[in-house]
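Everything below concerns the one structure shown next.
The values are calculated or read from the model by the stated rules, or taken from the named source; none is laboratory data. Every value quoted in this text rests on a predicted model; they were computed, and no experiment measured them. Please note: Cβ atoms are built from the backbone with ideal geometry, for glycine as well, and neighbour counts cover all protein chains shown.
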């Protein structure tokens, strides 16, 4: 594999998906 | 020098990038937790290969360099080592990796609560001009699976969104192992095990062990009445495991009147305290309904005293058979108003206002929710559905298809993940939208024709009420 210096990528844009507390007991903007 | 991935951190390698994250996005956080969580970062293709050399056991830098020299064909050993050390050290400073001059020191440093600082986060992100979003494909984003391992339940909660007549099945263990292995191959981070009551599954301990061996973050949603010392022992072994339970009142008779099981409050509360003592991150959920509207606040006080997060919701979801039979327990607007007055503190109002400010920023083009974009739900019978509570909306069957096939090719999934706020035109510019959650599962369950886009006016009235209550609270301060 060709080598390139490892770097951190600029972050992903926010999803804009915000929900309330679902029946799973966690805000749905969490990714789980 | 030795390096390792910290025990509360998860790393996944993809073909063109790597993803490293703490568990706060997936698990529950204790309210007085002062740990500085490093968040999440994406790294370049070569960075992904390099981070992939690490695991939760300390490794010497020279061994790592040796292995990478057989992967990278055009780099000098010293240059490679210098780049790797610089790269790893950045992640050590940010709180993702642990470092030590010896194997033991590296392990010991994993226990330190040194986290990140804003400056370090910024310096990491400025290290490249490549944007992660240009590289990541939607198919790469399956992060979590919510698996109902046992639909059976030993309680009969009056507000439950699962009709009691369907609480009869447990997942076939072979199917469970296949799902989590397929999920791990697809780089999932987290599984949520729920029910019914997940502790009723005779293989629950083996399931938790398997998840731990696969380096998965785990949330267990349980009433805890069946918790055993053996189970606590296995739970303690996974530093990425959290537990959520429902506690409805500190008055035993009221809690038991909701679960319909005498003595359930005592068991749930005592076992919750056992888990607290065992150091397992917890969340208490306290949906408010007619039965506990006068005493739910005592649950919040109990949780505050014990240092446990409590999530309170005034609106219960309809059962997924569209019968609305459980909604007789739902609060009226007047009851919500009184419940708000009981709960309102400066801190609570600040929290609601903060959430509202975020919601007001959303545009018509933003997705309505995270449905089918980061997670899937799976029933004990292997059917796949988009959101917990929306079991009637079957979008796949794991006895007929692989997880990857469903995630990457299902027309239903592709359609659901593209639904944006503009498909709810009344909501886009509603002045109360900051205090509302548009939920397709909730809509669908409440409508006899399963229409996910038809909103019960009750939810609009609740949002209007909360908006008004917040404004009044702030005016009277």
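Computed quantities for the displayed model
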| item | result |
| --- | --- |
| Unmet criterion (only one of (1) over 19 Å from residue B:420 (Cα atoms); (2) within 11 Å of chain A (Cβ to nearest Cβ)) for residue B:327 | (2) |
| Unmet criterion (only one of (1) more than 15 Å from residue B:455 (Cα to Cα); (2) part of a helix (DSSP H, G or I); (3) within 12 Å of another protein chain (Cβ to nearest Cβ)) for residue B:442 | (1) |
| Subset of the range B:342-363 (residues that are away from chain A (no Cβ under 14 Å) and either without any contact (Cβ under 8 Å) to a residue 40 or more places away in the chain or exposed (fewer than 12 other Cβ atoms within 10 Å of the Cβ) (or both)) | B:345, B:346, B:347, B:350 |
| Scan of the range B:141-161 for residues that are part of a loop (DSSP other than H, G, I, E, B) and touching a strand residue (DSSP E or B) at 6+ places or on another chain (Cβ under 8 Å), ordered by number | B:142, B:143, B:151, B:152, B:153, B:157, B:159 |
| Restricting the range B:450-462 to residues that are assigned to a loop (DSSP other than H, G, I, E, B) and free of Cβ contacts under 8 Å to residues at least 60 places away in the same chain, the residue that is surrounded by the most Cβ atoms within 10 Å (Cβ to Cβ) | B:452 |
| Residue count for the range B:191-219, restricted to those that are within 20 Å of residue B:156 (Cα to Cα), touching a strand residue (DSSP E or B) at 6+ places or on another chain (Cβ under 6 Å) and assigned to a helix (DSSP H, G or I) | 2 |
| Breaking point among (1) free of Cβ contacts under 8 Å to residues at least 40 places away in the same chain; (2) outside any loop (DSSP other than H, G, I, E, B), for residue B:465 | (1) |
| Any helices (runs of 4 or more DSSP H) falling wholly within the range B:1-112 and containing at least 3 residues that are under 29 Å from the mean Cα position of the chain (by Cα), within 13 Å of chain A (Cβ to nearest Cβ) and surrounded by 15 or more Cβ atoms within 10 Å (Cβ to Cβ) | B:45-51, B:77-94 |
| Residue within the range B:174-184 that is buried (at least 16 other Cβ atoms within 10 Å of the Cβ), out of contact with any strand residue (DSSP E or B) (no Cβ under 7 Å at 6 or more places or on another chain) and either modelled with pLDDT under 95 or within 25 Å of residue B:86 (Cα to Cα) (or both) present | no |
| Any hit, the range B:90-103, residues being without any contact (Cβ under 8 Å) to a residue 40 or more places away in the chain and under 25 Å from residue B:37 (Cα atoms) | yes |
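Every residue, every condition in (1) surrounded by fewer than 19 Cβ atoms within 10 Å (Cβ to Cβ); (2) in contact (Cβ under 8 Å) with a residue 12 or more places away in the chain; (3) farther than 22 Å from residue B:170 by Cβ, yes or no:
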site	(1), (2), (3)
B:365	yes, yes, yes
B:374	no, yes, yes
B:379	no, yes, no
B:384	no, yes, no
B:388	no, yes, no
B:391	no, yes, no
B:396	no, yes, no
B:399	yes, yes, no
